Amino acid sequence: MSQAINQQLVERFEEFIEAYCEKEVGVLLENYPKKQRSFNIDWGELYRFDPNMADDFITYPDSVREAAKQALVNVGDLRYRTDDMLEKAHVRIYNLQELTEIREIRSKDVNTLVSVQGLIRKSTNVRPKVDVAAFECQRCATVTNVPQTRGYQEPFACGGCERQGPFEIKFDRSTFSDTQTLLIQESPEGLRGGEQPQSIEVHIEDDISGMASPGDRVVATGTLRLEQRKSGGEKLRVFDVYMEGISINSEDLEFENIEISEEDERIILELSKQKGIYQKMIGSVAPSIYGYEQEKLAIALQLFSGVTKHLPDSTRIRGNLHILLVGDPGTGKSQLLQYIRHIAPRSVYTSGRGSSSAGLTAAAVKDDFGGGQQWSLEAGALVLADKGIAAVDEIDKMRVEDRSAMHEALEQQTVSIAKAGINATLKCRCSLLGAANPKYGQYDPYESIGDQINLEPALISRFDLIFRILDEADEELDDKIATHIIKTNYIGEQSTRKKYARSGEENSIELEQVTEEVKPEIEPNLFRKYIAYAKRNCFPVMGKEAQKEIKDFYIDLRSVREVGGPIPVTARKLEALVRLAEASAKVRLSDVVEKEDATRAIELVRSSLEKVGIDPETGVFDATVIEMGKSRNQFDRVKIIRSIIEKLTGEHPKDGAPILDIIERSKESGIDDTQTEHMVKKMSESGEIYQPSAGHYKLLKGR
Ligand SMILES: [Zn+2]
C-alpha cells in the first residue's frame with residue numbers, strides 16, 4: 001500500500017460507518033474531547049460489511065487505520081459540520097476473530113495487527129509523552145513544530161534562519177498525551193503443565209491509559225513492532241517484539257470460558273444426584289496420592305467455594321476458602337498443590353519464595369521496564385490468580401512485604417500499594433491453598449503449630465482449614481501406600497513402554513485393569529466442567545436445619561473452656577463453617593444448604609481442629625493452638641517433664657529416671673499423676689524418650 005491515503009478505502013469506510021455505527025459518531029461528538037476520544041470499530045462488523053477490508057486491517061493496520069480515521073473525520077464534517085474536529089480522535093479496533101498466542105508470535109507477524117489474551121502482570125505509571133514538540137531556535141527565536149513519531153526528533157533546520165539550531169523545546173507550546181506500558185502475560189490456564197508463561201510489552205496511549213490494572217484479564221489488540229536490542233552501547237542483530245496497543249478490552253467473565261454442551265449438562269446433573277458424589281469427588285482429587293480423604297474433600301470443596309456475600313452496607317464476605325497444609329517434607333503436600341494446577345482453571349502455582357519480584361501480593365518495582373529506570377506496579381501470585389486458586393508451596397518462606405499484605409489479601413481479597421507515587425488497589429478474589437514445612441525439619445506433635453511454622457498466628461487464623469500432614473508410621477497404611485505407589489508407577493512404566501517400545505501390546509489388558517484402580521473417579525475434563533457449571537448456576541441459601549446445626553456446634557466449641565482458660569474458637573471459624581457448608585451444597589448443585597452440608601462442614605472443621613488443635617497430652621480440644629498460635633500451658637508441661645527426666649537421669653545415669661520419681665516431681669510442679677503418666681506414654685511412643693530398663697526413662701538425644 002502506498003503512503004498516501006487511499007481515497008477509495010476512505011470512501012468504503014465512510015459507507016461502513018454510515019451503515020454500522022453512525023450513531024456512535026454522534027455519541028463521540030457529544031463527549032468529545034473531555035470524556036471520550038476514541039471511536040471503536042468492531043472487527044466482526046467490519047468483516048460482515050467487507051471481508052477484504054477487514055483482512056486488510058490485519059495485514060496493513062497502519063494505512064487502513066489511517067483511512068478509517070479520515071473517514072471518521074469526513075463523516076463528522078458531513079453529518080455534523082464538525083470542521084475537522086475529530087482529527088485528533090483515535091480509531092480503535094477490537095474483537096478480532098483470531099487470538100494469537102503470545103508464545104506463537106514470530107517475525108512474520110511484525111507490522112500486522114494481532115490480538116493477544118492474557119493477564120496484566122505489570123504496568124508503569126501513566127506518563128505524558130510529547131506528540132508535537134515546539135522547538136525554539138536559540139539564534140532567531142523562531143518556533144518550529146515537529147510531530148514526534150518514532151523516537152525524539154529535533155528539527156533538521158530552523159524554519160526561520162534555516163540554521164541547525166541550537167534548539168530548545170517549549171513545553172507550553174508542545175502537545176502531550178498520556179502513555180503507559182503494560183506487560184501482558186499468557187493466562188495460566190492456557191499453559192501446559194510446568195511451562196513458564198511468556199509475555200509481551202504493550203505500549204498504549206491517551207484515553208486508554210490507566211484503565212487496566214495488574215491482575216486484570218484482557219485482550220490487547222495492536223500492531224507488532226520491533227525494537228533493537230542493545231548490549232552495552234552496541235546495537236545487536238536481535239530485536240524484541242512489542243505491541244503498539246490499539247485497544248485493551250477487559251475480559252471479566254465469571255469463571256472461565258469453559259464450554260458446557262447439552263450432553264455435558266445432562267451428565268453433570270445426573271452425577272450430582274448420585275449418592276456417592278462426595279466420595280467420587282474425593283476419588284477425583286489427586287488420585288495418585290493415597291489416603292488424605294479429609295484433605296481431598298476439603299480441596300474439592302475449595303474448588304467449588306462458598307458464596308460471596310455482598311451486604312447492604314456494602315461490605316463483602318468472601319466465599320473463597322483458604323486451606324493450609326502443614327507437615328513433614330515428602331508427604332505429598334506438594335503433589336496435592338500441583339494437582340490444583342491441572343484441575344482448576346485460572347490457577348497459579350508458585351512457591352512462597354516467589355519467582356518474581358512481586359512475590360505473593362504485589363510490589364512497586366524500579367527497573368528498566370517501560371524504558372529507563374522507573375517505577376512500575378507488578379502483580380504477585382494472588383493477584384494473578386484473581387477468580388481462581390493460588391497454590392503456594394513453602395508459604396512460610398514468603399517475603400517480609402507479603403506478610404503484612406497477606407491479611408488484606410486473604411480477607412478483603414485486595415492488595416493495596418502506596419509507594420513511589422503509585423496508589424493502587426488490586427483485586428485478588430482467589431482461594432489460597434498453601435503448604436508449609438515445620439521450622440525444624442519435622443513436625444513435633446508436642447509443639448504448637450504457631451511455634452513450628454514460620455507464620456504469624458493472626459495469619460494462620462485466616463485459613464478456614466488447616467491440616468497437619470504427618471508421616472506417621474502405620475504398618476497397615478504403609479502397606480496400602482506402598483501398593484498404591486508401586487501400582488501408579490507400574491502404570492507409568494507400562495504406558496511409557498506402550499508409547500515408545502516396538503512391542504508393547506501384550507500387556508494391555510492387564511494394564512487396563514490396574515489403570516482402572518488409580519484413575520480419577522471423574523475424569524479431569526468433566527470435573528472442570530462440573531465445577532464451572534456449579535459456579536455459574538448454583539447460589540445456595542442456608543436452610544433452617546443447617547443454620548441450627550452450625551450454631552449448636554459453634555456454641556459447643558465455645559463452651560469447651562476451663563474457667564480462666566483460653567477461649568477456644570473465634571467467630572472466624574463460624575464463617576468458615578458457613579462457607580464449607582455452602583460449597584458442599586454446590587457439589588450437589590443444590591439451592592439450599594441442607595443439614596447434611598452443615599454436618600459435612602462440621603466434620604471437616606472438627607477433623608482439622610483435631611489434627612492441629614487437639615491437646616496431645618490430655619486429648620482435650622485446645623483450639624487456641626491454632627486460634628492463638630500457642631496453648632497456654634500444655635507445652636510448658638512438656639518442657640517441665642523433659643527437664644525433670646533430664647535431671648533425674650543425672651541422678652540415675654545407668655537406669656535412667658524412675659517413673660515414680662518423675663510423677664512425684666511433676667506433682668511438685670503442678671502436673672497431676674494422670675497427666676504425667678499420659679504424657680510419658682505419649683513421649684515414649686513418639687520416640688522422644690526411651691526405657692533403658694523397665695520403669696526408667698531417658699531422653700533420646702539428637703532431637
Ligand atoms: Zn533560527
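The values are calculated or read from the model by the stated rules, or taken from the named source; none is laboratory data. This one's a predicted model, so the numbers in the text were calculated from it and none came from an experiment. Here Cβ is always computed from backbone atoms with ideal geometry, including for glycine, and neighbour counts include all displayed protein chains. Heavy atoms of the whole protein, side chains included, go into the accessibility calculation; ligands, DNA and RNA do not. Shrake-Rupley method; radii C 1.70, N 1.55, O 1.52, S 1.80 Å.
By accessible area of protein heavy atoms, probe 1.4 Å, what ranking do Trp43, Trp375 get, highest first?
Trp375, Trp43
For every other residue with a beta carbon closer than 14 angstrom to the beta carbon of Val241, add +1 if it is Lys or Arg and -1 if Asp or Glu, then tell me the sum.
Result for the neighbourhood of Val241: -2.
With each pseudo-label sitting 7 Å past Cα toward Cβ, what's the Asp84-Arg229 distance in nm, one decimal?
Simple spin-label model gives 4.5 nm for this pair.
Relative contact order of region 99-227: what whole-number percent is it, with Cα pairs under 8 angstrom and at least 6 residues apart?
36
Using +1 at the Cβ of each Lys and Arg and -1 at the Cβ of each Asp and Glu in region 208-299, identify which of Ala220, Val285, Val238 lies farthest towards the dipole's positive end.
The Cα lying farthest towards the positive end belongs to Val238.
Which GluC sites (Glu not before Pro) from region 210-282 combine a DSSP loop assignment with at most 10 other Cβ atoms within 10 Å? Please list the in-between numbers first.
Working: sites: Glu227, Glu234, Glu244, Glu251, Glu254, Glu256, Glu259, Glu262, Glu263, Glu265, Glu270; in loops: Glu251, Glu254, Glu256, Glu259.
Answer in residue order: Glu254, Glu259.
Between Glu45 and Glu98, what is the FRET efficiency for a Förster distance of 25 Å, r being their Cβ-Cβ separation, to the nearest 0.05?
0.95
Keeping the other protein chains in place, figure out the carbon and sulfur percent of the accessible area of region 113-183, with a 1.4 Å probe.
Of all accessible area on region 113-183, carbon and sulfur atoms account for 48 percent.
Between His342 and Ser38, how many nm apart are label points set 7 Å from Cα along the C-beta direction?
4.0
Using only the alpha carbon atoms of region 100-173, find the Kirkwood hydrodynamic radius as the inverse mean reciprocal pair distance, in angstroms to one decimal.
One decimal place: 15.7 Å for the Kirkwood radius.
Listed here are the pairs Lys397/Lys439; Lys309/Lys535; Lys639/Lys667; Lys309/Lys397; which of them are more than 21 Å apart at the Cα?
Long pairs (Cα-Cα over 21 Å): Lys309/Lys397.
Calculate the spin-label point distance for Glu545 paired with Cys140, positioning each point 7 Å from the Cα along the beta-carbon direction, and give it in nanometres.
9.5
With no solvent and one point on each alpha carbon, what is the Debye value of log10 I(q)/I(0) for region 26-129 at q = 0.19 Å⁻¹?
-1.10
Express the accessible area of region 14-165 per residue in Å², computed with a 1.4 Å probe while the remaining protein chains stay in the model.
55
Can you give the FRET efficiency to the nearest 0.05 for Cys161 and Ser416, using r as the Cβ-Cβ distance and R₀ = 45 Å?
After rounding to 0.05, the efficiency reads 0.25.
How long is region 305-398 along each principal axis, judged by its Cα atoms, biggest number first, in Å?
Extents along the principal axes, in whole Å: 47, 44, 23.
Between Phe171 and Ile317, how high is the FRET efficiency from 1/(1 + (r/R0)^6) when r is the Cβ-Cβ distance and R₀ = 41 Å? Nearest 0.05.
Computed FRET efficiency for Phe171 and Ile317 comes out at 0.25.
In whole Hz and in residue order, list the ³J(HN,Hα) couplings for region 80-97 that follow from phi through the Karplus curve 6.51 cos²θ - 1.76 cosθ + 1.60, θ = phi - 60°; x for Gly and Pro.
10, 6, 8, 6, 6, 4, 8, 4, 9, 6, 10, 8, 10, 10, 9, 6, 5, 5
I'd like the distance between the alpha-carbon centres of region 59-95 and region 351-382, rounded to an integer number of Å.
If you average the Cα positions of each part, the centres end up 38 Å apart.
Loop-only check: which trypsin sites (Lys or Arg not before Pro) in region 376-443 are DSSP coil with at most 16 other Cβ within 10 angstrom?
Working: sites: Lys387, Lys397, Arg399, Arg403, Lys419, Lys427, Arg429, Lys439; in loops: Lys387, Arg399, Arg429, Lys439.
Loop-located and lightly packed - Lys439.
Would you mind calculating the relative contact order of region 18-108 from Cα pairs under 8 angstrom and at least 6 residues apart, reporting the percent as a whole number?
34
Restricting to DSSP loop positions (anything but H, G, I, E, B) with no more than 14 other Cβ atoms inside 10 Å of their own Cβ, which trypsin sites (Lys or Arg not before Pro) remain in region 1-93?
Details: sites: Arg12, Lys23, Lys34, Lys35, Arg37, Arg48, Arg65, Lys69, Arg79, Arg81, Lys88, Arg92; in loops: Lys34, Lys35, Arg37, Arg81.
For trypsin sites (Lys or Arg not before Pro) across region 1-93 that sit outside H, G, I, E and B with at most 14 neighbouring Cβ atoms in 10 Å, the list reads Lys34, Lys35, Arg81.
Would you mind pulling out the separation of the Cα centroids of region 280-350 and region 652-703, in Å?
41
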